[in-house]
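I have placed the structure first, in the form of structure tokens, so that the comments after it can refer back to it.
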Amino acid sequence: MPGQVWAVNSLGGYMYSLNLSKKLRMAVQPEVKFRQLCDVKDATQQGKSKGDLFHWNVYSDVATQGGTLVETNTMPETNYTISQGTLTITELGNSVPYSGKLNDLSEQPVTEIINKVLKNDAKKAFDIKAHAQFNATVLRAVGVGTTTDTLAVSTNGTATKSNKTALKKYHVQMIVDEMKERNIPPFKQDCYYAIAWPTTYRTLAQNLETVHQYTTEGFKMIMNGEKGKYENTIFLEQTHIPKGGAADSTTWSAETNTADAWNNAKSDWAFFMGEDTVAEAIAVPEEMRGKIPSDYGRSKGVAWYYLGGFGLVHSQAKQARIMKWDSAI
């Protein structure tokens, strides 16, 4: 049986060593970052028994702009168009089986530890799924040159140039200006959000270190990983998704750190976003499940399970809400 067993020290035997510390020590884990930036207000509409596809409507502006009326002319008439976005509901989950012998002989709480490691695993799975949709945005921004303040923007989902510069404050200024001039609505309280690796923000650190961190009285939400605010943009750090594009994020781990960062670059990816980014539809919220014991109670297990999906809300450039700081290589 794969899983936790008493007979192998590294798989369970160490859980009752002589003079074992009572304190549980877990491998370091980041909190969920990308998932918190998704829109889940539509989740309760999906529910069970409604198929594996979830749809949402996107309404255009009116076709003809209104304006001054002439007294003797009739009122102008116009219309708008409706397009649909779609995501697929899928199952996510993982489990850790364990033997009844391990549970009976272990000094440390087997199910409590399994719950902790599975919750950490679920966090990574949600961020991987959410990131894939953020990465589908069609707006890409590349810093051109190493000393000039030029920004190359593409609208087909592909970076057209190689980025050879660190993310600097004037890049942030230009990206924010581009988003404002595209009428991308702010994410929250007239602010955009940005998310990236900590080292991507290093050149901006002096701008962010002295920023007020929203620690005033009252219940005011602070996003996981929130670092500071600059140019009407709140910056978040994350380490779930690796540098270089995260194409192999399902197998990447902090321990091996095999992520491939940009070639010839001093930076790596970052996402800047306004409101209405990625939709999450939930048919069954994430939950912990116990395995029905088998083999007369000798074979047990715990799993996490989720039924839902993620989808980029606006896939057309004119309506896009996410801009990626990107590079061709």
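Here are the numbers for the structure shown:
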read-out: Listed peptides 234-244, 171-181 by packing density, highest first (mean Cβ within 10 Å); value: 234-244, 171-181
read-out: Residue order, fewest to most beta carbons within 10 Å, for T158, T150; value: T158, T150
read-out: Highest average packing first - 272-279, 286-293, 117-124, 195-202, Cβ atoms within 10 Å; value: 272-279, 195-202, 117-124, 286-293
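No value in this document is a laboratory result; all are computed from the given coordinates. Bear in mind that the values here come from a model prediction, so they are computed numbers and not experimental data. Cβ atoms come from the backbone with ideal geometry, glycine included; neighbour counts cover every protein chain shown.
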